[in-house]
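Derivation of every value follows stated rules applied to the coordinates shown; laboratory data play no part. It should be emphasised that the depicted structure is a prediction, and the values quoted were computed from it without experimental measurement. Cβ sites come from the backbone with ideal geometry, for glycine too, and all protein chains shown count toward neighbours.
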Amino acid sequence: MPVSQRYDAVVFDLLTALLNSWKLWNSAAGSEEAGLRWRKAYLGLTYDCGPYRPYEDLVRAAADIAELPRAAPERLVARWSDLQPWDDVADVVGALARKVPLGIATNCSMALTDAAVFAVGVKFAAVSCAEETGYYKPRPEPYLAVLTKLGTDPARTLFVAGSSADVPGATSVGMPVFWHNRAGLAFTSDKARPMVVSNTLLPLLDLV
């Protein structure tokens, strides 16, 4: 993809592409290993969920699957305001906000979405979350909802994924995808490929 490519808007995954939510989950779980086990269980429940179930209920159910104490999900929610953006978010996302409208599509409840967006420290033109749309990503509804709010063509709206599941999800509605892969995770889907894979957001400055 040539660096001269321009987009009319950029939409971000919130809890992984912009925020280091892994750190918070690990802290609430008590260790990195327990946090990873918990998060994997949560993602499995989310992807198989169907119509929206409360985010906090999925977090608690995943803690039970991961054999964590019930206090772990309570700690996670109580510490939600401790979420921190990745180190390049302020510079890169701040610069993009001066160029094009920015949006969020996230798997979260409305209340926790508001708190997480506040933690990013950047103003977004449109935000959609799972509770509002009635479904979790990678179903199309959350992506389509933010596109409707932005009023932009999917092909002209770049999606910044935080996980591999967002790649086929956003691609399925016609959005090109930049995968912000901080953890260096393997890509397992054969349904779609990201346009760019990077462990930093910095390449976005040349793409948008």
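Numbers for the structure displayed
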quantity	calculated
The range 8-126 - percent relative contact order, Cα under 8 Å, separation 6 or more	37 percent
Shape parameters for the chain, alpha-carbon atoms, Rg then Dmax in Å	16.1, 51
Cα gyration tensor shape of the range 13-67, rounded if a/c is under 1.5, else prolate or oblate by comparing a/b with b/c	oblate
Residue order, fewest to most beta carbons within 10 Å, for 33, 141	33, 141
Residues residue 198 and residue 148, FRET efficiency given R0 of 30 Å [Cβ-Cβ distance, rounded to 0.05]	0.60
Sparse-neighbourhood loop sites, trypsin sites (Lys or Arg not before Pro) in the range 15-116 - DSSP loop, at most 11 other Cβ within 10 angstrom	70, 98
Cross-link partners of residue 137 among lysines (Cα-Cα below 20 Å; sequence separation of 8 or more within a chain)	40, 149, 191
Rounded to 5, the percent of DSSP beta bridges in the chain classed as antiparallel	10 percent
Relative exposure of 195, 175, 110, judged by other C-beta atoms within 10 Å (fewest first)	110, 195, 175
Burial ordering of 200, 106, fewest other beta-carbon atoms within 10 Å first	200, 106
Label-to-label distance, nm, for residues given as residue 172 and residue 88 (7 Å Cα→Cβ offset)	2.9 nm
Residue 57 paired with residue 182, simple spin-label distance in nm, labels 7 Å along Cα-to-beta-carbon	2.9 nm
Relative contact order computed over the range 21-81 (Cα-Cα under 8 Å; 6+ residues apart), in percent	37 percent
Relative contact order computed over the chain (Cα-Cα under 8 Å; 6+ residues apart), in percent	26 percent
